[in-house]
Every structure is written in C-alpha cells, then in structure tokens.
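J.: Please read through the structure below; I'll follow up with questions.
The values are calculated or read from the model by the stated rules, or taken from the named source; none is laboratory data. Because the structure is predicted, anything quoted here is derived from the model rather than measured. Glycine gets a Cβ as well: all are built from the backbone with ideal geometry, and neighbour counts include every protein chain shown. Side chains included, ligands, DNA and RNA excluded: accessible areas come from the protein's heavy atoms. Shrake-Rupley method; radii C 1.70, N 1.55, O 1.52, S 1.80 Å.
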Amino acid sequence: RPRTGTTTAASTSTTPSAASAPCTGADLRGTFAQLPGSAGAGQISYVLTVTNASARDCFVSGIPGVQLLDAAGAPLPTHVSAAHPGQGTAARITLAPGDSASAEARFSPDVPGVGESQQGPCEPKAVTMRVSTTGPATVDVPISPPTSVCEQGSLRFDLLTSGR
C-alpha cells in the first residue's frame with residue numbers, strides 16, 4: 001500500500017542495535033483523540049499518539065495498522081488508506097523512552113456510505129482502537145470521544161511522525 005507524508009527522527013540512538021528493534025505492543029501506550037476545531041464538510045480528524053513506555057529505544061514506521069473495537073471489544077468494520085497517496089515515503093522513527101510519534105486520521109463520523117443505515121448512526125460506536133505500528137504486536141488505545149466511523153470504518157491516515 002502507498003506510504004505518504006513527511007517524517008522526522010524523534011531521537012538518535014547511541015548504539016546501532018538499540019534502534020534496530022521495532023516497538024512492541026508492550027512498549028507502547030497511546031491515545032486516539034479528536035483534533036479540536038477539525039470538524040467540517042462531514043469529516044473530522046483524530047490524532048493517534050503512541051508513546052514509548054519501555055526502558056529501551058525502539059522504532060515505529062509508516063501508516064499504522066488499526067482495528068476499531070466496540071465497547072465489548074468486538075471488531076468493527078475498519079478500512080485504512082493513505083491520506084495523501086504518492087506523497088513521500090515512510091521513515092524509521094526511533095523513540096527513546098518517553099518519546100512519542102503521531103499520525104492524523106480523517107474520517108466521517110456521521111455521513112453514511114453505500115450500504116449503511118441512512119437513519120441513526122452509520123456504524124456502531126468505536127471506543128477502542130487496536131494499533132500495530134511496525135509488526136504484528138498491538139496496543140489497545142482509548143478513542144476520545146468514542147465515535148462512529150462511517151463508510152464501513154474508512155480512515156485516511158497520515159504517516160507516523162515524531163512528536164505532537
């Protein structure tokens with residue numbers, strides 16, 4: 001899938017092997033929160049932020065893999081695509097302990113897509129997002145505030161970048 005956006009390094013590793021390990025789900029803590037003032041034209045932006053909560057350097061890269069979950073932890077429809085296909089490439093972002101990386105996601109919380117209910121919520125409310133940043137390991141992050149993601153869970157993500 002295409003990789004997009006601009007990236008910068010969060011920190012520099014002091015040893016080559018320290019930066020060679022991808023962040024695991026156990027290394028990370030995160031949030032997926034609404035970006036204030038971002039609503040418009042039926043769309044809204046939320047920002048995914050992952051923070052290295054471990055005692056070692058690790059790295060993240062690219063567009064995060066995500067799965068929306070309902071209040072009971074059941075998977076909801078989720079489809080991730082690049083926000084800006086063809087603009088840039090993913091870079092390795094080394095996170096020292098306490099450093100963060102983030103990615104903005106744009107989606108419609110209330111405009112139904114084809115095959116969705118035209119009355120009431122288009123999809124069930126998502127309260128948690130299961131995130132994979134560099135491999136199969138995942139971390140569950142709260143969605144604040146919980147929201148429906150219309151068009152069968154279509155999220156257009158920017159690349160992960162350092163800080164936020």
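J.: Report, by residue number, each residue of the stretch 84-112 that is modelled with pLDDT under 90 and of a type in the set (A, V, I, L, M, F, W, C).
T.: Within the stretch 84-112, Ala90, Ala91 meet the criteria.
J.: Let me ask something additional. Within the stretch 97-105, identify whether any single residue is open to solvent by less than 40 Å² (accessible area, probe 1.4 Å) and closer than 14 Å to Thr147 by Cβ, and answer yes or no. Break it down stepwise before answering.
T.: The initial filter retains those residues of the stretch 97-105 that are open to solvent by less than 40 Å² (accessible area, probe 1.4 Å), namely 100-103, 105.
Retained after the next criterion (residues that are closer than 14 Å to Thr147 by Cβ): 105.
Taking every residue of the stretch 97-105 in turn, at least one turns out to be open to solvent by less than 40 Å² (accessible area, probe 1.4 Å) and closer than 14 Å to Thr147 by Cβ.
J.: Which members of the stretch 40-62 meet the condition of being under 19 Å from Met129 (Cβ atoms) and open to solvent by 10 Å² or more (accessible area, probe 1.4 Å)? Explain how you work it out, then say what you get.
T.: At the first step, the residues of the stretch 40-62 found to be under 19 Å from Met129 (Cβ atoms) are 43-53, 60-62.
Residues satisfying the conditions are Gln43, Ile44, Val47, Thr49, Thr51, Ala53, Ser61.
J.: Return the total of residues in the stretch 84-93 being part of a loop (DSSP other than H, G, I, E, B), touching a strand residue (DSSP E or B) at 6+ places or on another chain (Cβ under 9 Å) and farther than 15 Å from Arg106 by Cα.
T.: Of the residues in that region, 2 qualify.
J.: While we're here: Got a sec? Which of Ser144, Ser162, Ser132 is under 15 Å from Ala33 (Cβ atoms) and either open to solvent by 20 Å² or more (accessible area, probe 1.4 Å) or charged (D, E, K, R) (or both)? Walk me through it before giving the result.
T.: Working: Ser162 fails: under 15 Å from Ala33 (Cβ atoms); Ser132 fails: under 15 Å from Ala33 (Cβ atoms).
Among Ser144, Ser162, Ser132, only Ser144 is under 15 Å from Ala33 (Cβ atoms) and either open to solvent by 20 Å² or more (accessible area, probe 1.4 Å) or charged (D, E, K, R) (or both).
J.: Only residues that are out of contact with any Lys or Arg (no Cβ under 9 Å at 6 or more places or on another chain) and either under 23 Å from Val111 (Cβ atoms) or among the acidic types (Asp, Glu) (or both): list them for the stretch 43-77, please.
T.: Listed by number, the residues that qualify are Leu48, Asp57, Pro77.
J.: Listed residues Ser54, Ser81, Ser117; which is assigned to a strand (DSSP E or B) and of a type in the set (S, T, N, Q)? I'd like the intermediate steps shown before the answer.
T.: Working: Ser54 fails: assigned to a strand (DSSP E or B); Ser117 fails: assigned to a strand (DSSP E or B).
Criteria check complete, one pass: Ser81.
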